[in-house]
Amino acid sequence: MSLIDDIKRTYSLNDTFDSMVNGKFDFQRIVIKKRNGRPRIIYVPIKEVKIAQIYILQTYLQEYLASPFATAYENECSIVKNACLHEKQAHYCFLDIHHFFDSISLSKLETFLICNSQNKRFAQLSSDDRDFLFRMISYNDKIYQGSITSPHLANIYLSPFDKDMNILIKKMLPNGKYTRYSDDIVISSSENIPYIIVTKVSHMLSQYGLKLNSSKTHFTANSDHVKITGINLCSNEFGIKHSRPTVNTKFKKELKHDLYRLIFKKDSFELINHVEGCMYYLKMVQPSYYKFLNKKYQSNGKDAIEIIKEYQRNNEHK
């Protein structure tokens with residue numbers, strides 16, 4: 001039975017699925033503005049391709065494990081966990097992989113998957129099924145932002161790099177730590193981090209067809225707080241630096257303003273989803289402050305998050 005037949009049987013699909021995935025299909029092109037004002041292009045595939053990607057990910061790709069140093073996209077990983085792995089350090093180096101997904105070539109990825117397919121279901125695929133698999137996960141011979149499979153593929157492709165990086169950091173900085181959150185590399189240590197480490201990382205990445213974005217390389221040392229993948233690490237109540245994850249003051253101020261408008265002024269209802277998302281983000285990063293706001297903006301015996309959910313339900317029924 002072919003891979004297409006397996007997918008059809010699993011999801012009870014008819015022959016329309018064959019014609020959609022075997023023909024030429026279009027992608028929805030979405031442009032999102034980055035913080036620096038430059039565009040980020042996301043390609044969204046048709047529904048049938050998404051179904052195929054889910055099956056491929058769950059059946060074939062998840063057998064390949066990401067390294068423990070990859071802190072994005074995997075189970076029990078988050079930006080908070082990534083930041084907290086670098087707690088209580090004094091020196092930090094931040095690096096960025098240039099055009100991460102777009103720079104991973106399909107041929108290199110295919111070679112990696114085949115060479116590491118021993119005792120995996122991927123090894124049992126026929127050449128036709130492999131061709132179909134790679135057509136489902138790629139666009140213009142690259143993996144791409146918008147694909148369900150791209151995040152995990154990128155992680156397993158760089159798994160050997162992550163392990164080699166950890167060995168390098170432990171060798172150069174005995175108490176050093178290394179993580180990679182997608183394209184963001186963080187190196188931390190209680191000791192000074194020599195600049196030569198950037199050259200070494202750049203050389204190692206080149207073996208994977210990748211390179212650093214030099215404009216985003218920076219070091220920081222002995223600061224009162226440090227921002228790692230958007231999370232601030234500040235001093236705790238005992239004065240120990242970089243030991244308490246927090247959200248920034250501007251975020252808190254804007255969230256309080258929005259909560260007040262929603263709950264007490266009963267306007268700005270277009271912000272309901274945004275405010276709910278901000279509250280759950282706060283709960284993840286700084287749960288004590290989440291509890292404080294929940295109580296502060298109580299109304300009629302209901303916590304703030306309960307009121308927001310109630311507003312959502314009411315809006316859905318209008």
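Side notes on the structure shown:
- Residue within the range 122-134 that is more than 22 Å from Ile228 (Cα to Cα) and touching a strand residue (DSSP E or B) at 6+ places or on another chain (Cβ under 9 Å) present: no
- Close Cβ contacts (under 6 Å, 6 or more residues apart or on different chains) running from residues in the range 104-120 that are more than 11 Å from Gly209 (Cβ to Cβ) to residues that are of a type in the set (Gly, Ala, Ser) and surrounded by fewer than 16 Cβ atoms within 10 Å (Cβ to Cβ) comprise Ser117/Ala123.
- Scanning the range 16-57 for residues that are farther than 26 Å from Phe122 by Cβ and of a type in the set (Asp, Glu) yields one hit, Asp26.
- Scope the range 119-137; condition open to solvent by 40 Å² or more (accessible area, probe 1.4 Å), of a type outside the set (A, V, I, L, M) and in a helix (DSSP H, G or I); matching residues: Arg121, Gln124, Ser127, Asp128, Arg130, Asp131, Arg135
Yes/no per residue for (1) touching a His at 6+ places or on another chain (Cβ under 7 Å); (2) of a type in the set (D, E, K, R); (3) at pLDDT 95 or above; (4) over 27 Å from Tyr280 (Cβ atoms):
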residue	(1), (2), (3), (4)
Ser19	no, no, no, yes
Tyr43	no, no, no, yes
Glu48	no, yes, no, yes
Gln58	no, no, yes, no
Ser67	no, no, yes, yes
Ser78	no, no, no, no
Ile97	no, no, yes, yes
Gln124	no, no, no, yes
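So that you can scan it fast, the table gives a plain yes or no per residue for (1) outside any helix (DSSP H, G or I); (2) within 15 Å of the chain's Cα centre (by Cα); (3) under 22 Å from Leu210 (Cα atoms):
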| residue | (1), (2), (3) |
| --- | --- |
| Gly146 | yes, yes, yes |
| Ile156 | no, yes, yes |
| Asp164 | no, no, yes |
| Lys170 | no, no, no |
| Tyr178 | yes, no, yes |
| Glu191 | yes, no, no |
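- Strands (runs of 3 or more DSSP E) within the range 1-118 that include 2 or more residues open to solvent by 50 Å² or more (accessible area, probe 1.4 Å): 28-33, 39-44
- If you go through the range 139-169 and keep only what is more than 30 Å from Ser190 (Cβ to Cβ) and polar (S, T, N, Q), you end up with Asn140, Gln145, Ser147, Thr149, Ser150.
- Of everything in the range 239-258 that is over 23 Å from Glu276 (Cα atoms), surrounded by fewer than 17 Cβ atoms within 10 Å (Cβ to Cβ) and touching a residue at least 12 places away in the same chain (Cβ under 8 Å), the residue that is nearest to the chain's Cα centre (by Cα) is Ser243.
- If only residues of the range 261-293 that are in contact with a Phe, Trp or Tyr (Cβ under 7 Å, 6 or more places away or on another chain), modelled with pLDDT of 90 or more and not charged (D, E, K, R) are counted, the one that is farthest from Lys227 (Cα to Cα) is Met279.
Conditions (1) aliphatic (A, V, I, L, M); (2) closer than 22 Å to Lys241 by Cβ; (3) modelled with pLDDT of 95 or more, marked per residue:
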residue: Pro160; (1), (2), (3): no, no, yes
residue: Asn166; (1), (2), (3): no, no, yes
residue: Ile169; (1), (2), (3): yes, yes, yes
residue: Lys177; (1), (2), (3): no, yes, yes
residue: Val186; (1), (2), (3): yes, yes, yes
residue: Ser190; (1), (2), (3): no, yes, no
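The values are calculated or read from the model by the stated rules, or taken from the named source; none is laboratory data. Here the structure is a predicted model, which is why all the values come from computation and not from measurement. As a convention, Cβ positions derive from the backbone with ideal geometry for all residues, glycine included, and neighbour counts pool all protein chains shown. Heads up: the accessible areas ignore ligands, DNA and RNA and are worked out on the full protein's heavy atoms, side chains in. Shrake-Rupley method; radii C 1.70, N 1.55, O 1.52, S 1.80 Å.
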